[in-house]
Amino acid sequence: MVKALIQGKVRRFGVPAFGASLLALGIGTAVASAGSSAKSCSLPTTALHFQTAKFHPPHVHVCTRKAHEAHGAIFIAPIKNGGYKFVGQPGALLEDQGGHVVWFHPAAKGDDVADFQTATYDKKPVITFWQGKLAIPPANTTLPPGTPVKGSIFIYNDHYQKIKTIKAKGKGWVTDFHDLVFTPPTKTYSKGTALFLADKTMKGGGAPGGFEDQEIQEVNLATGKLIWTWDEHKYIGTHSSHVKPPSKGVWDPYHANSIDIQSAGGLPDGHVLLSLRNTWGVYNINHANKKKFVWKLIVGKGSNYKLSKNAQFHWQHDVHFVGKNEVSIFDDNCCNLQPFGGHFGAARGLLLSLKGKSASVAHQYKHTNTGLVLTMGSYRVIGPGHAFIGWGQSPYFSEYTKGGSLIYDAAMPHGDITY
């Protein structure tokens, strides 16, 4: 997932505060060609090298940069793109919009980093990321592709010091890398709460290796105690999946990949939005009543909204509330990984309007150099209604105006992707 940090917090996590120290370290700079078109965007092939540390983050080429882009820093978490040679080191990479490194945290040997983002914790700005090991073929074929084997979520303060670690609670549950959401402090929870996903392999389900279950876990950030869970298998049947049980290995019927919250009077009265890639479904859950869905947005049976043909999405990621009547979705339009197949078209950033009982396209965004996106991808609405999109297994990340004009475009090496 690639995320833009809009103006305001960049003073804490950007060049103005740390530029001088970076120059002292002798970090190289990325090649930039401001104003060039997306069609001429060349992919970098090398990594940066520090003079005083063994850090080698990948180069980033900034291909398009126009004056009315949203200002701020960009969060990237480069990991290996399967089938290609990885360039540099995996880790949490913070860059300015010119492609210059602000801060880099290399992953531990054998680990990956994902979901690198900014947040507010204990009323202060922080950065967070997941670090651990992922099941990525051909190295790991026991678990479904993209399943976390191990992992933790780290919270760093604005001096880049680790201040807290979050892990999944309960026997057998593994901390998932896909998403993390903080709630603000309340009288009950003085430092707020954290919601994230957790994974566990269960017996049964019609597959010889069992099936991969996931749940949303919520912990009290002051005490670390588990205060709320929502297990997808308890409330959504495996018959909803577009993935059939494999002849060997563990089945992945759901594949939860994003969560978001919408709260008016505090989270117990609010809604939790969950994306399940393999059901082509988005579920708005009532936090106060686990059995109740506020609504379901599904391509197929069980949807509370009728989707126009152009509004239908497949194998989606990174779904978020946008105001009261819209949701943003990264629509991969591809692919079933177990077994491979099911390509419906080019990937796109999709903003859907939910009115009455209908879901229609408010805006959509596509990329010149990006068609087939097998997995991953992110889309956030930032600044004055702009779309900031990370193109998953395509190594680009881009910003568009609300009207669809490309105003920022950058690329990583072909062997590197970010989630």
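The values are calculated or read from the model by the stated rules, or taken from the named source; none is laboratory data. The shown structure was predicted, so the numbers you read here are calculated from the model rather than taken from an experiment. Cβ atoms come from the backbone with ideal geometry, glycine included; neighbour counts cover every protein chain shown. Just so you know, the surface numbers come from the protein's heavy atoms only, side chains and all, with ligands and any DNA or RNA stripped out. Shrake-Rupley method; radii C 1.70, N 1.55, O 1.52, S 1.80 Å.
A few points about this structure:
- Potential lengthening of the chain between ASN310 and LYS324 amounts to 2.9 nm, from the contour at 0.36 nm per residue minus the alpha-carbon distance.
- 3J(HN,Hα) couplings calculated from phi for region 228-245 with the Karplus curve 6.51 cos²θ - 1.76 cosθ + 1.60 (θ = phi - 60°) are, in sequence order, 6, 9, 9, 8, 4, 5, 6, 10, 10, x, 5, 5, 6, 6, 9, 10, 7, x Hz; Gly and Pro show x.
- Around the amide H of VAL373, modelled in the peptide plane, lie the amide H atoms of ALA347, all under 5 Å away and 5 or more residues distant in sequence or on another chain.
- Global form of region 82-214, assessed from the alpha-carbon gyration tensor, a/c cut-off 1.5: oblate
- Region 180-225 - Rg over Rh from alpha carbon coordinates, Kirkwood radius: 1.24
- The portion of the accessible surface of the chain made up by carbon and sulfur, rounded to a whole percent, is 54 (1.4 Å probe; DNA, RNA and ligands excluded).
- Taking region 93-112 and a reference point 7 angstrom along Cα→Cβ of LYS54, the backbone N atoms nearer than 16 Å belong to 105-111.
- Unit charges on C-beta of K, R, D, E only; dipole of region 137-180, Debye: 260 debye
- Helix axis angle, 15-25 relative to the chain longest principal axis, alpha carbon, degrees: 60 degrees
- Oblate is the label for region 211-368. Its Cα gyration tensor axes, ordered a ≥ b ≥ c, give a/c of at least 1.5 and b/c at or above a/b.
- Here region 241-327 is assigned +1 on the Cβ of each Lys and Arg and -1 on the Cβ of each Asp and Glu. Its dipole about the Cα centre then comes out at about 440 debye.
- Convex hull volume per residue for the chain, taking Cα atoms only, in Å³: 133 Å³
- Amide H contacts under 5 Å for VAL2, placed H, 5+ residues apart: SER378, GLY390
- Net charge dipole, the chain: roughly 660 debye, given to the nearest 20, about the Cα centre with Cβ charges of +1 for Lys and Arg and -1 for Asp and Glu.
- Residue-wise HN-Hα couplings along region 290-306, as the Karplus relation 6.51 cos²θ - 1.76 cosθ + 1.60 with θ = phi - 60° gives them from phi, are 4, 7, 9, 9, 5, 6, 10, 10, 10, 7, x, 6, x, 7, 7, 10, 8 Hz; Gly and Pro carry x.
- Packing order of peptides 233-239, 208-214, highest average first: 208-214, 233-239 (average count of other Cβ atoms within 10 Å over each peptide's residues).
- Cα centroid of region 103-120 to Cα centroid of region 286-347, whole Å: 28 Å
- Accessible area expressed per residue, the chain, with surrounding protein chains retained (probe 1.4 Å, Å²): 41 Å²
- Taking max minus min of the alpha-carbon positions on each principal axis, region 133-187 gives extents of 45, 27, 17 Å, largest first.
- Cα gyration tensor category, rounded, prolate or oblate, for region 288-419 with a/c compared to 1.5: oblate
- Under 5 Å from the amide H of HIS363 lie the amide H atoms of LEU351, each residue being 5 or more positions distant or on a separate chain, with H modelled from the backbone and absent for Pro and chain starts.
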